[in-house]
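The values are calculated or read from the model by the stated rules, or taken from the named source; none is laboratory data. In this text, all values refer to a predicted model and were calculated from it rather than measured experimentally. So basically every Cβ, Gly included, is an ideal-geometry build from the backbone, and we count neighbours across all protein chains shown.
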Amino acid sequence: MQIIRDIAMLHRAVTALKQGGKSVALVPTMGSLHDGHLSLVRMGRRVADHAVVSIFVNPTQFGPNEDFGAYPRDEARDAALLVEEGVSLLWAPDVGTMYPGGHSTHIEVAELGADYCGAARPGHFDGVATVVAKLFNQVRPDVAIFGEKDWQQLAIIRRMARDLDFGIDILGAPIARDADGLALSSRNAYLSDAQRAAATAFPEVLNAAAQDIVGGADVGDTLAKAEAAIVKGGFDSVDYVALADADSLERLSAFRKSARLLAAARIGKTRLIDNLPVG
Ligand code: AMP
């Protein structure tokens, strides 16, 4: 596996990978890799001839009081995992390469970025969309893989690829979970043992809420009950528990087939997100 940090070298390496009409799948990550990331890599290897993974902890998608400095980083371990998965190329630029002095152009995500995580983290999705657009232009993959774990992000990237005519297929990969149901996340590493034990309440409550909604329970009541149950389970606060249309992300007050339950909650300093289909 080649590890590349320079854009000119990246272009040469990707051109070589594509020789003979070979296809490339890109899996963008912020590193600190777990089985969720690796499931995306495996999907990339299934759908394309080469998997390219990027690792870049993107400062522009973190708010001033968020965890950019503390975000876990271990490139050597990540690289070893990616070698085992048969990844062709690791693109690992530093901040100066991604945002050279004078960088002043960014993508603004309107409607799809306004609610949910976008409301709780102002500017977050503008940072995500901008860095993903840059990664798309840098690597020029045929397909890019994103996790359903970040449902709003996936919807935003799909829309951006369409709106800006990237000509890249965007694939979503199912959420990888621990045995107790908690979605794998690099941020789970922040949890103390007690917090990790309590965190299992999050997917449990969401599953129960989804079942209640399918069973005909009032949506508003069910969401309010779920928020209370998450706090009772040991979380400090809930950013949102919402029923949304899976594509438009419009909030729903009644069940319909395309519904998805979306949630974010905080336990100690850690903010966790999850989502699941309803029905
Ligand atoms: P991150 O490194 O957190 O930015 O995530 C990189 C990619 O991995 C994103 O597309 C995430 O949605 C995806 N991802 C993170 N955790 C999971 C998970 N538990 N299951 C599936 N995909 C995930």
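Being near the ligand (Cβ under 9 Å from one of its atoms) and either aromatic (Phe, Trp, Tyr) or in a strand (DSSP E or B) (or both) is the requirement here; does residue 27 meet it? Considered against the rule, which asks whether it is near the ligand (Cβ under 9 Å from one of its atoms) and either aromatic (Phe, Trp, Tyr) or in a strand (DSSP E or B) (or both), residue 27 comes out as yes.
Out of 96, 102, 118, 147, report the one residue that is surrounded by 19 or more Cβ atoms within 10 Å (Cβ to Cβ), away from the ligand (no atom under 14 Å from the Cβ) and not polar (S, T, N, Q).
Working: 96 fails: surrounded by 19 or more Cβ atoms within 10 Å (Cβ to Cβ); 102 fails: surrounded by 19 or more Cβ atoms within 10 Å (Cβ to Cβ); 147 fails: away from the ligand (no atom under 14 Å from the Cβ).
After ruling out the rest, the residue left standing is 118.
Applying a threshold of 8 Å to beta carbon distances and a minimum spacing of six or more residues, or different chains, the list of pairs starting in region 25-43 at a residue that is in the same structural domain as residue 157 (by TED's automatic domain parsing) and ending at one that is among the β-branched types (Val, Ile, Thr) and within 6 Å of the ligand (Cβ to nearest atom) reads 36/175; 37/29; 40/29. So, residue 52, is that one of a type in the set (Val, Ile, Thr), within 12 Å of residue 145 (Cα to Cα) and in contact with a Pro (Cβ under 7 Å, 6 or more places away or on another chain) or not? When the stated conditions are applied, residue 52 passes them.
Considering region 72-88, and only residues there that are assigned to a helix (DSSP H, G or I) and in contact (Cβ under 8 Å) with a residue 60 or more places away in the chain, the residue that is farthest from residue 43 (Cα to Cα) turns out to be 79. For a quick check of your reading of the model, give me the residue pairs whose first member lies in region 169-191 and is farther than 18 Å from residue 260 by Cβ, whose second is part of a strand (DSSP E or B) and near the ligand (Cβ under 7 Å from one of its atoms), with beta-carbon atoms closer than 9 Å and at least 6 apart or on different chains. Within 9 Å, the pairs are 184/177; 186/29.
Counting only residues that are part of a helix (DSSP H, G or I) and near the ligand (Cβ under 9 Å from one of its atoms), which one in region 38-60 is nearest to the chain's Cα centre (by Cα)? Let's see the steps before the verdict.
Quick first cut of region 38-60, residues part of a helix (DSSP H, G or I) only: 38-47, 59-60.
Add one more test, that the residue is near the ligand (Cβ under 9 Å from one of its atoms), and what stays is 39-40.
Values: 39: 13, 40: 11 Å.
This residue is 40.
Only a single criterion out of (1) more than 30 Å from residue 7 (Cβ to Cβ); (2) away from the ligand (no atom under 16 Å from the Cβ) is not satisfied by residue 199, namely (2).
Just to be sure before I move on: is residue 167 touching a strand residue (DSSP E or B) at 6+ places or on another chain (Cβ under 8 Å) and on the phi > 0 side of the Ramachandran plot in the structure I sent? No.
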